[in-house]
Every structure is written in structure tokens, then in C-alpha cells.
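Derivation of every value follows stated rules applied to the coordinates shown; laboratory data play no part. All values reported here derive from a predicted model rather than from experimental measurement. Here the Cβ positions follow ideal geometry from the backbone for every residue, glycine too, while neighbour counts run over all protein chains shown.
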Amino acid sequence: MEDEGWKESRVTQPQAVLLCSPMSDEIADESKENGNERNMGVQPLDALMTEHAMANHELLAASPEPMTHKAVQRARKGRRLTRHMQRRMIEAFNRALHIRGGEGPPPFHLEQLFNYRG
């Protein structure tokens, strides 16, 4: 008898239904309204690195602080970074230019490498 009761309760349980789209759209809309959009578009850093034929790894090698390839790629493509990570990118970029050419152009600043503030 106990086996039959177990079978009945298993059959009568409702199926779970996932409804992700409407909620995720609402969250995305709220995020944009609050000014917290994550994707800021391709950044000037990307153009400067391309102009100087600089690879992501060169920034990592020049950086005195820990940094990942993923973080550099996010910076280039405009995924929102914290202010601290932007500073790391700026310092690494300036050091990489210095390592490449000795006395190069004057150091770049936040406004020249990013079109937003983290």
C-alpha cells in the first residue's frame, strides 16, 4: 500500500515552468533607466592599442598590479569597469608604451582611453 501512495504523489506534482524573458527584459530596462548600462561600446583604448599594434598580453606584462586577459578585453570592448580597474589599465598602457619606445608620448589619462567613468 505504501508504494501506491508514493506513486500517486509523484504523479500529481505540478511541472515547473521557467519564465525568464519578461523578467530579464524588465531588469534590463530598469538598469538602463538607472544609468547602469554595462556595455559602453568600443573604447578609445582599443583604437590606441590597434594603432600601436599592441596585444593584450603587452598590457599584462607591463602592469605592476594583477590583471587578466579577460579584463583587458572587457576594457577594449567597453564592458563597464570599476574606476580602480580603469586606473590599472591606464597605468599598464602608459608603461607598455614606455617599455616599447623609451621616451614616448606624454602619459595618457582616463578621458583619452575611456569614454565613461567607472
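The table below lists the values:
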read-out	value
Residues 108, 114, 93, sorted so that the one with the fewest Cβ neighbours within 10 Å comes first	108, 114, 93
Percent RCO, i.e. relative contact order, over segment 44-113, from Cα pairs under 8 Å lying at least 6 residues apart	37 percent
Rough spin-label spacing in nm, given labels placed 7 Å along Cα→Cβ, for residue 70 and residue 52	2.5 nm
Residue 79 long-range amide H proximity, modeled H, under 5 Å	40
Shape metrics for segment 44-113, restricted to C-alpha atoms - Rg then Dmax, Å	10.8, 31
Packing-based exposure ordering (other Cβ within 10 Å, fewest first) of 37, 65, 91	65, 37, 91
